[in-house]
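Shown next, in structure tokens, is the structure this report addresses.
The values are calculated or read from the model by the stated rules, or taken from the named source; none is laboratory data. No experiment lies behind these values; they were computed from the predicted model shown. Because the Cβ atoms are built from the backbone with ideal geometry, glycine has one as well, and the counts that use them run over all protein chains shown.
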Amino acid sequence: MEDFLGENIKTQEYFLNMGPQHPATHGVLRLLLKLDGEIVHNVDMDLGYIHRSIEKMCERDTYKQIVHLTDRLDYLSAHINNEAVCLLVEDALNIEVSDRIKVIRTIMSELTRLSSHALWWGVMGMDIGALTTFMYAFRERELINDIFEETCGARLTMNYNVIGGVRYDLHENFVKRVKALLAQLKQKLPEYDKLLTGNVIFRKRLEGIGYISKEDAIAYGLNGPTARGSGVSCDIRKIHPYSAYDRVDFEESIFTEGDSYARYKVRIKEMWQSVHIIEQLIDKIPEGEFRHKTKALIKLPPGDYLQRVETARGDFGVYVHSDGKKSPYRMKFRSPGFANLAALNKMAKGLKIADIVAILSTIDIVVPDIDR
Amino acid sequence: MSYFSDIIQGTKSLLTGMRITGNYFFKNFLTRKDVITQQYPDNKDTLKMFDRFRGEVTLAHNENNEHRCDACTTCEKTCPNGSLEVIWDKYKDPETGRNKRVLVKHIYHLEMCTMCGLCIEVCPTNALEWGQDFHHASYDRGQLTKVLNKPGSKVVAGLKG
Amino acid sequence: MIRLSIFTQIHEWLYSLMPASSAHILELVLIAAAYLGIFAILGLLLVWLERRVAGFFQLRLGPNRVGPIGLFQTIADALKLVSKELTGTVKADHFLYGAAPYFIITTALMAMALIPFSQEIHAFDINIGVFFIASVSSVGVVGIFLAGWASNNKYSLIGGMRTGIQMISYELSIGMVIVTMTTLAGTLQISELIEMQRNGWFIIQGHFPAILAFMIFMIAGTAESNRVPFDLVEAESELGAGFHTEYSGMNFAYFFLAEFVNLFIISSIAVVLFFGGWLAPFGITDGLHIPFIGLFWFGLKVTAIIFIFMWFRWTFPRFRIDQLLTLEWKYLLPINMVNIVVMALMVWLGLIIKF
Amino acid sequence: MERIIFYILSIIIVVFAGLSVVNRNIMRSIIYLLFVLLAFAGLYFMMEFNFLGAVQMTVYAGGIIVLYINSIMLVERINSPLDVAKLWRRILAGVISVAGAIMALFAIWSYDFTEVGDESSITIQDVGKSVLNYGEHGYILPFEVISMLLLAAMVGAIVIAKTKKRNAN
């Protein structure tokens, strides 16, 4: 427009504070938008509104106490975060956990992923403007949460993993409930597709929006479904299999378009893959111990340790530098949301306000995960 | 020609979506079968949580108003948030003549508790238990600080600590 | 003018009581008051209906505590809103900020006067009927615009700007649909429009182009009443509450009420233009002299149309602003123009279905 | 009764017309202008020129004013009050407007108005027929000329939109 109008008539840029209290930012995230009318020229991410210094708290706590803190990072993949810390400590102490523990952990992780993606799907619809999807997604999510509550005792911050196993044995209803859930998911996931995926408005809102190329995705350190939407193969479950992932057959869901719709499709496919993984494991949960005895006070031998897991949002890394004391000298969480959010400016430049909301949704941010 | 096929495809996809929501509407309207929400305050009395539900930390009392806490303070040390405070007193056991601890107040700060369950795990005498109560809302923060041992309660006789 | 027998009695009683001029004024005031009452009741009822319907769509029950099946829920809400503090921003343009809700309320009321509730209850049967409603509702836009501007809030401003663009575009579609149907009917007067449908509703008389016009009308009507998928004006997930972000209490309630009354008005126009207004389907109740039967049929039809609008709302995602414009200017407008020609040809060649 | 309404409308027109000129807040000026236009529509309705009144509302109140607001919002200095013109300009403007008013009044007073009986109001058919009539009192020529003008405007708008798109690509 500026070329056409020449020097004399200019449009005025203005700033808009999106957040920290805004329905689209999924928490207390502040985006400072530089707008020209509706067109976004720049996005500044302003973080730190719910920083709780969890990493610093970890330096104070013993390893057993640290586990439950990780619930509070990415609260939608609480179980997987717990698992990361447990795996790290078990590796460092050379504890070989039984097959039963591995399988239980894997099933739980996949259930967590399903529940997280179900919530994401509902909220995605809400961000785009379809309010009903939220309730439909919660119907399935509630079933998963019931399974969690029956076995772990909590619905969100499960804190089910402990160092050396899991806290309780599986509840006797577990297998029955999971099978019912899988049956329902197989019936309802196509409904998700009909309601949202195929919808022409929805597709027009996402297709070609928020494009990020494969090179940029790698350069920005994107991970998880966000990167897989750009064709980057980065599934930790495939690259560094942990727990029982090496014995199940599943496909890494990769789409190469790099736009919001690709990221959306990745997550929908991941839900199907999770169903597939659980199906393989649920009938043959091996017998064995569900919890190995560990020392009352765990001390890691001095050294550096790293454990990566694939949460619902991507590559979650735990790094510990131990000096041999009862708590880590330094604990660092590499959270997937932080890296993914960093690419928002790249994705959203030149698009509209409504697109920012859609892109944020397809990145699937959880603000406590970003702020820690 | 894509202009017209776009219109037809788009309309079709919209109608597919409407069929799904419409199905649910009429099913619910006629039978209330798919309703997934609970009518909460109505079912307050019949609502039962799962056995392992972690509502709050409680100190188990038996029918004689006796608990199993010997005031060893392991739970207090283990708690990552400082939600538990064990206040104890010394007394001389008349039989053995040794100094022993007795529990005066087991204070529980619910507002600080993250329900991690470490205290219950480490308790050497299995005195602490999960409570099923979830009606924790209150207008006053002070009400969230609870004393776990009931008034007049004693330690179970013969407890080894 | 109002012609139902009880109204005639009141009319005569008033004129017998006092001189003609004062009776006339009093009658006008009474009618205005009656319409204000209808306005409020309709608004509250529709809000209740929306929430109830939304509940069923979303696997919930909706309001069901206050009164039988939650009917008094909205009254309780209205009481709450009345008792709330009216807040505003310091640097707002207070005159315009205060005036904006009344713009919308007034225009909605003016359009209400033309709604043919039944053969008898019809306050203002003007010879340009439908066109008048369209023109009045075009003024209502200014209210939303002002609310967005005067709030001195950027979210409101964006909402206001979006309204302007959206309304100007979609009024065109509504106008052209009206033109299409007038080509068939040959009149704009609402009572005549309805009487002409004794030989079959216009959607049957005009068959294919009329159905197309009806579909376009439903789309444009959704846009006119700012509902999903065209609720960019208040787009909750993008703009907070859009143009009424800064309004609270009763000022907010006015917007809310007017939105629902506008929905009713749009549905009424659809019923008048396509579904024969107060006429019974196939004239099944024509011989019977049941009081308020016209009101019953009209209400039934309008409720059905409103239900479709609600169905849209609880199914579809929201458009983006440029897609909204693309839809109007690239799809609806050309189709509409062709449709007018087709309709004119049909009327000319006498290809209309009449019973 | 009608007389009272007429006076009310006239007062609205005069007062708000004055306010819309005097006011230094551009947004308020527009709104006052809107009131003036709406009051004019009211006058038309009083005269049973229903179609004209409705057109007045749609085109002026609904269309032109919204366009004004839209374009004014694009102006950079919308928040600050308008500048006051120089004194000689104000005097000149005053003289011109007074002269215009005198001319208008002179024309009105010199014309010999005859009272028209209460005829039935003009229907849409009448309007349509006279617009597409090429005989006496027919408006077919201006109608077509205006449609050509609108076509030109539309083409212009498309050209502007297209230019932008080519640059973007």
Selected residue (only one of A:M347, A:M331 is away from chain C (no Cβ under 14 Å) and not in a helix (DSSP H, G or I))
A:M331
If you check A:R167 against the conditions, is it within 18 Å of B:T37 (Cα to Cα) and surrounded by fewer than 24 Cβ atoms within 10 Å (Cβ to Cβ)?
no
Let me confirm something: among C:G160, C:G175, which residue is at the interface with chain D (Cβ under 9 Å from one of its Cβ atoms) and either surrounded by fewer than 24 Cβ atoms within 10 Å (Cβ to Cβ) or without any contact (Cβ under 8 Å) to a residue 24 or more places away in the chain (or both)?
C:G175
Just to be sure I understand the filter: pairs with C-beta atoms under 6 Å, separated by 6 or more residues or on different chains, first member in region C:179-196 and more than 13 Å from every other protein chain (Cβ to nearest Cβ), second member of a type in the set (S, T, N, Q) and part of a helix (DSSP H, G or I). Which pairs pass?
C:T180/C:N339
Could you look through region B:58-107, keep only residues that are of a type in the set (S, T, Y) and outside any strand (DSSP E or B), and pick out the one that is nearest to A:R60 (Cα to Cα)?
B:T78
Of (1) closer than 24 Å to B:E111 by Cα; (2) of a type outside the set (S, T, N, Q); (3) touching a residue at least 24 places away in the same chain (Cβ under 8 Å), B:P41 fails just (3)
Taking into account only those residues within region A:219-267 that are among the aliphatic types (A, V, I, L, M) and under 18 Å from the mean Cα position of the chain (by Cα), which is nearest to A:H117 (Cα to Cα)?
A:V266
From the residues in region C:330-350 that are of a type outside the set (D, E, K, R) and loosely packed, with under 14 Cβ neighbours inside 10 Å, which one is modelled with the lowest pLDDT?
C:G350
Need at least 1 residues that are facing another protein chain (nearest Cβ under 8 Å) and either surrounded by 16 or more Cβ atoms within 10 Å (Cβ to Cβ) or in contact with a strand residue (DSSP E or B) (Cβ under 9 Å, 6 or more places away or on another chain) (or both) per element, so show me which helices (runs of 4 or more DSSP H) inside region D:1-79 make the cut, counting only ones lying wholly within it.
D:26-46, D:50-55, D:65-73
From B:F25, B:F50, grab the single residue that is aromatic (F, W, Y), closer than 24 Å to A:A154 by Cα and either assigned to a strand (DSSP E or B) or within 12 Å of chain A (Cβ to nearest Cβ) (or both).
B:F50
Checking the conditions here, which among A:Y49, A:Y63 is farther than 29 Å from A:M347 by Cβ and of a type in the set (F, W, Y)?
A:Y63
Would you kindly identify the helices (runs of 4 or more DSSP H) lying entirely within region C:230-317 that contain at least 1 residues that are under 29 Å from A:L16 (Cα atoms) and either within 14 Å of chain A (Cβ to nearest Cβ) or touching a strand residue (DSSP E or B) at 6+ places or on another chain (Cβ under 9 Å) (or both)?
C:236-239, C:293-313
Which condition number in (1) without any contact (Cβ under 8 Å) to a residue 40 or more places away in the chain; (2) closer than 30 Å to C:R320 by Cα is the one that A:F250 fails?
(2)
For residues that are in a strand (DSSP E or B) and either among the β-branched types (V, I, T) or within 24 Å of A:T62 (Cα to Cα) (or both), tally how many sit in region A:305-325.
12
Taking the options A:G314, A:G224, name whichever one is closer than 18 Å to A:D74 by Cβ, among the small types (G, A, S), in contact with a strand residue (DSSP E or B) (Cβ under 8 Å, 6 or more places away or on another chain) and modelled with pLDDT of 85 or more.
A:G224
Please determine, by comparing only the residues of region B:102-127 that are in contact (Cβ under 8 Å) with a residue 60 or more places away in the chain and within 14 Å of another protein chain (Cβ to nearest Cβ), which one is nearest to B:E56 (Cα to Cα).
B:M115
If only one of C:E27, C:E50 is of a type outside the set (A, V, I, L, M, F, W, C), in a helix (DSSP H, G or I) and surrounded by 19 or more Cβ atoms within 10 Å (Cβ to Cβ), which one is it?
C:E50
Selection from region A:245-260 of residues closer than 21 Å to A:S361 by Cβ and either surrounded by 18 or more Cβ atoms within 10 Å (Cβ to Cβ) or of a type in the set (F, W, Y) (or both) yields A:S253, A:I254, A:F255, A:G258, A:D259, A:S260
Output yes when any residue across region B:85-99 is aliphatic (A, V, I, L, M) and on the phi > 0 side of the Ramachandran plot, and no when none is.
no
State whether the residues of region A:134-150 include one that is among the small types (G, A, S), within 30 Å of C:A54 (Cβ to Cβ), out of contact with any His (no Cβ under 6 Å at 6 or more places or on another chain) and within 14 Å of chain C (Cβ to nearest Cβ).
yes
Residue in region C:84-101 that is in a helix (DSSP H, G or I) and under 23 Å from C:I305 (Cβ atoms) present
no
For the list (1) out of contact with any Gly (no Cβ under 9 Å at 6 or more places or on another chain); (2) within 28 Å of A:I359 (Cα to Cα); (3) not in a strand (DSSP E or B), I need the number of the one condition that A:L69 fails.
(2)
So, of the residues in region C:318-334 that are within 8 Å of another protein chain (Cβ to nearest Cβ) and in a helix (DSSP H, G or I), which turns out to be nearest to C:G277 (Cα to Cα)?
C:Y331
Looking only at region A:200-239, filter to residues that are assigned to a loop (DSSP other than H, G, I, E, B) and aliphatic (A, V, I, L, M); which one of those is nearest to the other protein chains (Cβ to nearest Cβ)?
A:I209
